[in-house]
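*Asks:* Can you read through this structure? Questions will come right after.
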Amino acid sequence: MAWRARAGGLLYPVAICGMGFGARLQHSHPWVFAALLVTSSLLALGRLALILRFDTLYNRNPRLWQLGFFGGLLAISGMIGGLLGFLIWSEGMTGLTLFILALTVGIAVMSVVIYSHSLRVLWVYILLLGLPPGVGLLLARDVPFWVPWFLGIAMFYLMVAARQQHRERWGNLLARDQLETLVAERTLELTRKRRDYRQIFDNAHDPILIFEPETEQVLDVNRRACEVYGFTHQEFLGISLASVSENVPRGQEQIAATLTAGVYHNFESVQYRKDGSPMFLEINASVIDFDGQPAIISINRDITERRRTEALRLAKEAAERTAQAKAQFLANMSHEIRTPMAGVVGLTDLLLGTELNDQQAEYARLIQSSGVVLLRVIDDILDFSKIEAGKLTFEEVPFNLWVTLHEVVDLLRLGAAAKGTSLHLRVAEGLPRWVLGDPGRLRQVLMNLVGNAVKFTEGGEVEVRAEAAADERARILIRDTGIGIPAEAQGQLFELFSQADGSTSRRFGGTGLGLAISRRMVEGMGGEIGFESAAGKGSTFWIELRLEPSEPPPPPATPAGRPVGCRRILTAEDNPINQLVITEQLKALGYDVTAVSNGLEALEALQAETFDLVLMDCQMPRLDGYDAALRIRQLPGAAGCVPIVALTAHAIREELDKCLAVGMNDTITKPFSGEVLRQKLERWLGTDVDAADAPRVSAATAANAAIAAQAGKALDPLHLERLRAIGRESGPGLMTRLVGQFRRQTYLDDIRGALDRGDRVALRARAHSLKGTSSLLGATRLPRLCAQLEVLAATATRDQCLQQVAQIEAEHRRVMDGLTVAVEKE
């Protein structure tokens, strides 16, 4: 259409020029005439430029192109119509006006043919071209009446012809264009949907496979399938699922069922990855049309982890059932242990009622205190079992509340002092002394709360305050300046087996039962328990109980004190048996002894207190003796110059050189006698301990001979006599305590466990520990067997180590038999 209109574009300025000359506008209105010529020429040139650059301009902005092209056309038609109307009005019906009118009708007819594509534009064009001449005819003089009517009929005919031309020439073409546009739109929509479906297909979380039913050959897979199976996309398209399935016949049955039903949901199958590893799959399959042929789309969910979780759940349930059986067994055993322990405590009470010297009385009280502590642990276990079974009971008897408070504080004060913590008790005068209640349960709660405060407070302060509250209630507060409780752990603090975090039990010990039992006991006694705490700012626990006043019975007697030596010695030894023997030997020589369990505690003790000498074991946890000696020598003042004597099981020159190299002064080889210890102390402390005051070793008595015969030379009778002599000087029961400690050690289990795990470092360490402890107790052959295992642990095979462990276990039984006889003969 535009290309056909290019020739007529120059016709319009010519027509305007002719009509302007005919109306003599160059004389009457020269500026109007010039403006019309310039405007029509510019419009014609603009339309010509739009036609010549159609491809570029139309494709860039079709609406703007149409506006410029048709706007110029309508503007020129309005100018031509207006000039023609002015000419007819001013000149009348002359030959020139009739010629121009006929020319205008011809232009209109030609435009009807060219511009019938845009019907509305064409109608406006005809009106702008014909209405001004019609108005001129009506206003002109001497114009026959039929001329305007003729012009109107001609315009109407032209508009009808334009409509007919539009319908015949362009209607079908527009319909086809619309159809093509619709097809293109639908094609684009289908392409977009296919792209969206492909995105969903490729980005699905589960593997999706499309395969041919008969051969099971893979036709397409998504990215997740490639990730799970380990194949590339190209590798997948060339395989059959039968090659990666565990049970091919079962898979074929499932395919047949899918083809029959159209869908097949939630069946499980085992298939293999590229590396051969199996995986459990939950499969949902459906029949689809894939490129004109039937296919199966399979959505495979990997449930391997879920299967593993289910197996773990079943194992957990089995473990819980086992734990319940263990709990029942533990409750039964606790009852069995409690019966003889009650006899021990009762007999100790009777013993304290006899004539004993101060030292004997003190030992008896220590036995009683230890028995009470052990009973308390057993009671915790029993109470836990009763709580679980809902059978926890309470009694109501008269007891001295003040004495109970003092007993708890006094029992824990020594342990608090050892940590540099002050423990105070403040009892308000308004609090009744004698009340009705359950003293055992209350003591158990207080021991737990105050014990926790001491346990979690290093070098601070613990205060126990008791006062009267309303309604015959007693309020007891335990405030400490310890580590506090993090906010996130406070909600579960009173739950069973709950502690602030895993490091709490590793650092401070405990099972997490105490607070849970305490809460249930306080609530069972009709009271309340609570706390306030912040991490790093200490804690305040409180209990409130209703305790009715009662009549007071006579007060109990108070125990006697104990003497203290003049020289202070710090001994660092992690083995509890060795620590006990060394402590008793030093006490028997008259020294004031402080015992710690590792080099770090020794370092802290030297920084806090003054000591005259340090006995340092070389192999200890957290900080061994070598590193501890190096750090001690870096301390300022007298602490950095304190004599350090190493305790080592290695009787070789290299060990002495190693100890001297880190700043130690001397060594004592374990096991050692009291006389050797006395001489070393006299050398480094400059003391003059009378040898006559040291423990004496008598000739082998008949009892020692019986021991030797029983043990088959598993134990050295003279060494046992030395231990007996130490016991006679420091107090009876030393052998019983030593053997009890030795019996409770898990050396053999630890050695077996390390060997089973293949942990040669732990195997060597436990063999070394058993070597030192058994030597100290007088074993003859067992230390040598352990020393051989130390060497074998580095290079020998597992079978060789097993043979050595078997010999150690057999010799250990012989040593235990001999020690049992030694205890009976003590």
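The values are calculated or read from the model by the stated rules, or taken from the named source; none is laboratory data. If you're wondering where the values come from, they're calculated on a predicted model, not measured in any experiment. Please note: Cβ atoms are built from the backbone with ideal geometry, for glycine as well, and neighbour counts cover all protein chains shown. For accessibility, only protein heavy atoms count, side chains too; no ligands or nucleic acids. Shrake-Rupley method; radii C 1.70, N 1.55, O 1.52, S 1.80 Å.
*Asks:* With the cut-off at 1.5 for a/c, could you classify the stretch 31-170 from its C-alpha gyration tensor as rounded, prolate or oblate?
*Replies:* oblate
*Asks:* Can you give the net charge of the other residues whose Cβ lies under 14 Å from the Cβ of ARG479, counting K and R as +1 and D and E as -1?
*Replies:* Charge balance in the 14 Å sphere: -1.
*Asks:* Can you give the FRET efficiency for ALA638 and LEU802, using 1/(1 + (r/R0)^6), R0 = 35 Å, r = Cβ-Cβ distance, to the nearest 0.05?
*Replies:* Efficiency for this residue pair is about 0.10.
*Asks:* Using mean Cβ contacts within 10 Å as the protection proxy, how do 746-759, 602-615 order, highest first?
*Replies:* Ranked by mean Cβ neighbours within 10 Å, highest first: 602-615, 746-759.
*Asks:* Order the following by accessible area, largest value first: TRP146, TRP542, TRP31. Probe radius 1.4 Å; ligands, DNA and RNA are ignored.
*Replies:* Highest to lowest solvent-accessible surface, that is TRP31, TRP146, TRP542.
*Asks:* So what's the gap between the Cα centers of the stretch 798-826 and the stretch 421-460, to the nearest angstrom?
*Replies:* 45 Å
*Asks:* Give the distance, in whole Å, between the Cα centre of the stretch 104-126 and the Cα centre of the stretch 54-94.
*Replies:* Centre-to-centre distance over Cα atoms comes out at 11 Å.
*Asks:* With r defined as the distance between the Cβ atoms of VAL32 and THR187 and R0 fixed at 56 Å, what FRET efficiency is calculated, to the nearest 0.05?
*Replies:* E between VAL32 and THR187, to the nearest 0.05, is 0.50.
*Asks:* Leaving out ligands and nucleic acids, note down the accessible area per residue over the stretch 564-636 with a 1.4 angstrom probe, in whole Å². Please list the in-between numbers first.
*Replies:* On the way: 2830 Å² over 73 residues.
Per-residue value: 39 Å².
*Asks:* Next up: How far apart, in nm, are the 7 Å Cα→Cβ label points at ARG24 and ALA787?
*Replies:* Result: 15.1 nm between the two label points.
*Asks:* Past 27 Å, Cα to Cα, is the threshold; run LYS419/LYS587; LYS658/LYS771; LYS316/LYS455 against it and keep the listed order.
*Replies:* Too far apart for the 27 Å limit: LYS316/LYS455.
*Asks:* Any idea how far apart VAL823 and VAL403 come out in nm if each label point goes 7 Å out from Cα toward Cβ?
*Replies:* 3.3 nm
*Asks:* Note down the net charge around ILE299, summing +1 for each Lys or Arg and -1 for each Asp or Glu among other residues with Cβ under 12 Å from its Cβ.
*Replies:* With Lys, Arg at +1 and Asp, Glu at -1, the net is -1.
*Asks:* Keeping all protein chains in the complex and leaving out DNA, RNA and ligands, what accessible area do you get for ARG426 with a 1.4 Å probe, in Å² to the nearest 10?
*Replies:* For ARG426, solvent-accessible area is about 110 Å².
*Asks:* So if each residue of separation counts as 0.36 nm, and I subtract the Cα-Cα distance between LEU45 and GLU488, what length gain in nm does that give? Write out the running numbers ahead of the final one.
*Replies:* Values: separation 443, 0.36 × 443 = 159.48 nm, distance 8.44 nm.
The span from LEU45 to GLU488 would gain 151.0 nm if fully extended.
*Asks:* Lys and Arg at +1, Asp and Glu at -1: add these up for the other residues within a Cβ distance under 15 Å of GLY238 and post the number. Let's see the in-between values first.
*Replies:* On the way: positive: LYS274; negative: GLU212, GLU216, ASP220, GLU235.
Net charge around GLY238: -3.
*Asks:* Which value in nm describes the separation of the simple spin-label points at GLU282 and GLU227, placed 7 Å from the Cα toward the beta carbon?
*Replies:* If labels sit at GLU282 and GLU227, their model points lie 1.9 nm apart.
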